[in-house]
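Throughout, read-outs are computed from the coordinates displayed, never taken from laboratory work. Only a predicted model underlies this, so the values are computations on that prediction, with no experimental measurement involved. Reconstructed Cβ throughout: ideal geometry from the backbone, glycine too, with neighbour counts over all protein chains shown.
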Amino acid sequence: MSDSLENIVAQTAQGLEAVRTRPEFEAFKATVMGPNGSFTASRKLIGTLPNDQKKAFGQRLNEVKEQIEALLSQSLGRIEEAELAASLGVPVDVTLPCPEPVRGSLHPLTQAREQITGVFRRLGFSVAEGPEIESDWYCFEALNVPADHPARDMQDTYFLPKETRLGNITRVGDEPWLMRTHTSPVQIRTLLAEKPPLRIISPGRCFRRDAVDATHSANFHQIEGLYVDKHVTVRDLKAVLDHFVREVFGPKSETRLRPSFFPFTEPSFEMDFRSPNLGRLSNKWLEIMGCGMVDPEVFRHCKVDDSEWSGFAFGLGVERIAMILTGADDIRQFYANDLRFLRQFA
Ligand code: FA5
């Protein structure tokens, strides 16, 4: 009887050698372990044995069952490997070393963001965050841009249905949600959450219904800055931003402030700079950011006493600065994931 069990193991090993596919495997397995299989038939013999032989035969059955299961599992493993190799088109040896050590690097936009935030961190600014989906009040109303204000035309965006559920992002009433058009709402969130004096910067993604061209994307990044203290003047604004420009573009850089308009700063400026070390952009005046003194109306919306506190704010586009730093002449290169472009800045 033991002999016939040995035979079953030997026949299983031999039979599995010819098995190549999953259906063949299943069919063969049934001839051994199925209801009419050879091993199942042997198990039934136990009932025909005298009692004193049953125990030893039972033990032998268990051993043989384990041997057969091991053979079946090896065979299935081989089939699975072959299936994987076939699906990949080439045989895979996962123990081989990687053909070329892949060294990642930071994306040029990340590098620019880190460089910019690094300068402000060293000046004592901390990093604040705000949601990319904002409510109308934070993105516009509280920043002194009421519903009918023409400044809204330049910042058209995608509005979400009012009833959209957005976890724990706060809004004041049931005003609509939208994809934020600038990082300035973080000024409001910070003024409502913290007591002055404060200094924050806030990098993040913004969205606008802008036609895409070499310098515009519908989805881009800004860095917001807000500085609030007692007796803050335009001199403080200029000193901080001049320092920033010289740190990033070299000590020989010059800046100038041009009058501008933002509803949330008064007075408002565009800051331009020029630097002798910028390749084809050397010594050209380049616009770098919008800025100004925080409008008292913004303080009032945030219940900050504007007779006691004053401040300045600025907002700059990360892509534009990355273009100046890298010499890239088309903003779309930053999003194309072309390694030939990205590796130049590794
Ligand atoms: C603003 O968004 C103001 N919130 C900036 C500000 C903050 C002013 C605080 C005063 C105080 P503006 O729309 O100019 O301003 O955008 C600021 C910068 O974002 C631009 O200078 C530009 O660098 C970048 N930017 C704007 N639109 C795009 C776009 N479609 N693609 C890429 N960059 C853009």
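Worth pointing out:
- Hypothetical label at residue 11: residues of the range 61-80 whose amide nitrogen lies under 19 Å (7 Å Cα-Cβ projection): 61-73
- Within the chain, the proportion of C-alpha pairs whose separation exceeds 31 Å stands at 55%.
- Pairs from 230/252; 238/284; 195/230 whose Cα-Cα separation, in the structure shown, is over 23 Å: 230/252
- Charge dipole of the range 195-346 (Cα centre as origin; +1 on each Lys and Arg Cβ, -1 on each Asp and Glu Cβ, all else neutral): 420 debye, rounded to the nearest 20.
- For residue 55, the lysines whose Cα falls under 16 Å of its own Cα, not counting residues fewer than eight places away in the same chain, are 44, 65.
- The range 67-164: trypsin sites (Lys or Arg not before Pro) in DSSP coil with no more than 15 other Cβ atoms inside 10 Å: 103, 162
- Shape of the range 211-276, Cα gyration tensor, a/c cut at 1.5: oblate
- For the pair the range 235-306 / the range 186-211, the C-alpha centres are spaced 16 Å from each other.
- Distances between placed amide hydrogens fall under 5 Å for residue 288 paired with 271, 272, 273, all partners being 5 or more residues away or on another chain.
- In a simple Cβ point-charge model (Lys, Arg +1; Asp, Glu -1; nothing else charged), the chain has a dipole of about 620 debye relative to its Cα centre.
- Largest-first principal axis extents, alpha carbons of the range 46-117, Å: 88, 33, 19
- The distance between label points at residue 149 and residue 88 comes to 5.8 nm (points 7 Å beyond Cα on the Cα→Cβ vector).
- The rule of thumb for compact globular proteins, 2.2 N^0.38 Å, goes into the C-alpha radius of gyration of the range 170-234 1.37 times.
- Calculated FRET efficiency, residue 212 to residue 285, Cβ-Cβ distance, R0 = 25 Å: about 0.50 to the nearest 0.05.
- Helix-derived mean residue ellipticity, 222 nm - over the chain, DSSP H n ≥ 4, -39500 (n - 2.57), to 500: -12500 deg cm²/dmol
- Of all aspartates and glutamates in the structure, the ones whose alpha carbon falls short of 15 Å from that of residue 54, not counting any fewer than 8 places away in one chain, are 63.
- Taking 0.36 nm per residue of separation and subtracting the current Cα-Cα distance, fully stretching the chain between residue 266 and residue 21 would add 80.6 nm.
- Loop-resident trypsin sites (Lys or Arg not before Pro) (DSSP state other than H, G, I, E or B) in the range 243-280 with no more than 14 further Cβ atoms inside 10 Å of their Cβ: 252.
- Kirkwood hydrodynamic radius (C-alpha pairs) into Stokes-Einstein, the range 200-346, 10 °C and 1.306 mPa s, D in µm²/s: 95 µm²/s
- Taking 4 °C and 1.567 mPa s as conditions, the range 72-185 diffuses translationally at an estimated 65 µm²/s according to Stokes-Einstein applied to its Kirkwood radius (Cα pairs).
- Computed from the C-beta positions of residue 95 and residue 337, the FRET efficiency with R₀ = 30 Å rounds to 0.45.
- Scaled radius of gyration (Cα, divided by 2.2 N^0.38 Å) that the range 1-155 gives: 2.33
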